[in-house]
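Heads up, the thing below is written out as structure tokens.
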Amino acid sequence: LSLYMIRILITLALLSLMGHSSIASVLSFVKNDVYSLQDTNKATAILNDKIESDTQVGTGEQSMCEISLDDKSITRIGANSMFSFVQKERLVKCDKGTFLVSKDPETETMTVTTGSVTAAVNGSTVVFDVRDDATHIAVAETTTGVVVTDKNGKSITLQSGEGISATVNGMTSSTPKSVDVKDLISSSPLFNEKGLAPLANDALIKGVASAQEMAKSQGMSF
């Protein structure tokens, strides 16, 4: 190989490493029964615990937690839920329960998987509700669109105030459904639990809710 080609290969290798660098994640909020599970080792989780890659995090009744990544991404986990995060691949695994994933558009895309869909989240705040073999997705705000792909390989792009449901057999509708964002943020502890810091995308979420309220005054429904 020429010196020029060697330099190119070294540069590509460095870029590859940078693109898949691991990121730290810590518990930034804990309420009631929150635990970590690695292999068969179960431990009570406490505030500021570091969450290692592939470690499962679970919650019990009337419990929730928030996991903060050092790239400003936030994942909130509702009651009776199970979650894990593969840091190198930026992969969130939502096994069961309710989850909120929020991140700004300046960092790498995060991939969220459930039993029935895969979603690419970037510059968005998205709620996932995973029950049995069904997944319900609601987008509170997005500047980039949220691409959701079902088990059949069918994809749909959700915008702010839109949602979709899917089972292991595929999407339950061919078009997105409207989501009332004001109702979503007022009814879900993932947004309004006491002690949670405002999301980085909070102003954008409120902007979508405000725009929908204006549309409601003109006869639209969500």
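The values are calculated or read from the model by the stated rules, or taken from the named source; none is laboratory data. All values reported here derive from a predicted model rather than from experimental measurement. Here the Cβ is made from the backbone with ideal geometry for all residues, glycine too, and neighbour counts use every protein chain on show. The area values use the complete protein model at the heavy-atom level, side chains included, leaving out ligands, DNA and RNA. Shrake-Rupley method; radii C 1.70, N 1.55, O 1.52, S 1.80 Å.
Restricting the first member to segment 177-196 and to residues that are among the acidic types (Asp, Glu), and the second to residues that are assigned to a loop (DSSP other than H, G, I, E, B), the beta-carbon pairs closer than 9 Å and six or more apart or on different chains are Asp180/Gly161; Asp180/Ser221; Asp180/Phe222; Asp183/Phe222. The single residue among Ser63, Ser22 that is more than 30 Å from Asn169 (Cα to Cα) and modelled with pLDDT under 85 turns out to be Ser22. Condition test on Leu204, is it crowded, with 16+ Cβ neighbours inside 10 Å and out of contact with any Asp or Glu (no Cβ under 6 Å at 6 or more places or on another chain)? So Leu204 fails the test. Filtering segment 132-154 for residues that are open to solvent by 40 Å² or more (accessible area, probe 1.4 Å), under 29 Å from Lys31 (Cβ atoms) and touching a residue at least 24 places away in the same chain (Cβ under 8 Å) leaves a non-empty set. The single condition among (1) open to solvent by 60 Å² or more (accessible area, probe 1.4 Å); (2) of a type in the set (Asp, Glu); (3) farther than 23 Å from Glu66 by Cβ that Asp180 does not satisfy is (1). On inspection, Ala43 qualifies as more than 21 Å from the chain's Cα centre (by Cα), modelled with pLDDT of 90 or more and open to solvent by 20 Å² or more (accessible area, probe 1.4 Å). Close Cβ contacts (under 8 Å, 6 or more residues apart or on different chains) running from residues in segment 65-93 that are acidic (Asp, Glu) to residues that are open to solvent by 30 Å² or more (accessible area, probe 1.4 Å) and at pLDDT below 90 comprise Asp70/Ala24; Asp71/Thr107; Asp71/Glu108; Glu89/His20.
May I ask you to verify whether Asp54 is over 18 Å from Ser188 (Cβ atoms), modelled with pLDDT of 85 or more and among the acidic types (Asp, Glu)? In short, no.
Take segment 155-174 and flag every residue that is in a loop (DSSP other than H, G, I, E, B), open to solvent by 30 Å² or more (accessible area, probe 1.4 Å) and farther than 22 Å from Ala209 by Cβ. Listed by number, the residues that qualify are Val168, Asn169, Thr172, Ser174.
Condition check ((1) at positive phi; (2) hydroxyl-bearing (Ser, Thr, Tyr)) across all residues:
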position: Thr111; (1), (2): no, yes
position: Gly145; (1), (2): yes, no
position: Asp150; (1), (2): no, no
position: Glu162; (1), (2): no, no
position: Lys177; (1), (2): no, no
position: Pro189; (1), (2): no, no
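Just for segment 103-118: of the residues that are under 18 Å from Ser81 (Cα atoms) and open to solvent by less than 30 Å² (accessible area, probe 1.4 Å), which one is farthest from the chain's Cα centre (by Cα)? Applying the filter and picking the extreme gives Ser116.
Checked across segment 93-101, the condition of being open to solvent by less than 60 Å² (accessible area, probe 1.4 Å) and within 25 Å of Met220 (Cβ to Cβ) holds for no residue. Figure legend. Inter-residue proximity from segment 205-222: first residues more than 15 Å from Glu162 (Cα to Cα) and touching a residue at least 12 places away in the same chain (Cβ under 8 Å), second residues assigned to a helix (DSSP H, G or I) and small (Gly, Ala, Ser), beta-carbon distance below 8 Å, spacing 6+ or different chains. No pairs are indicated.
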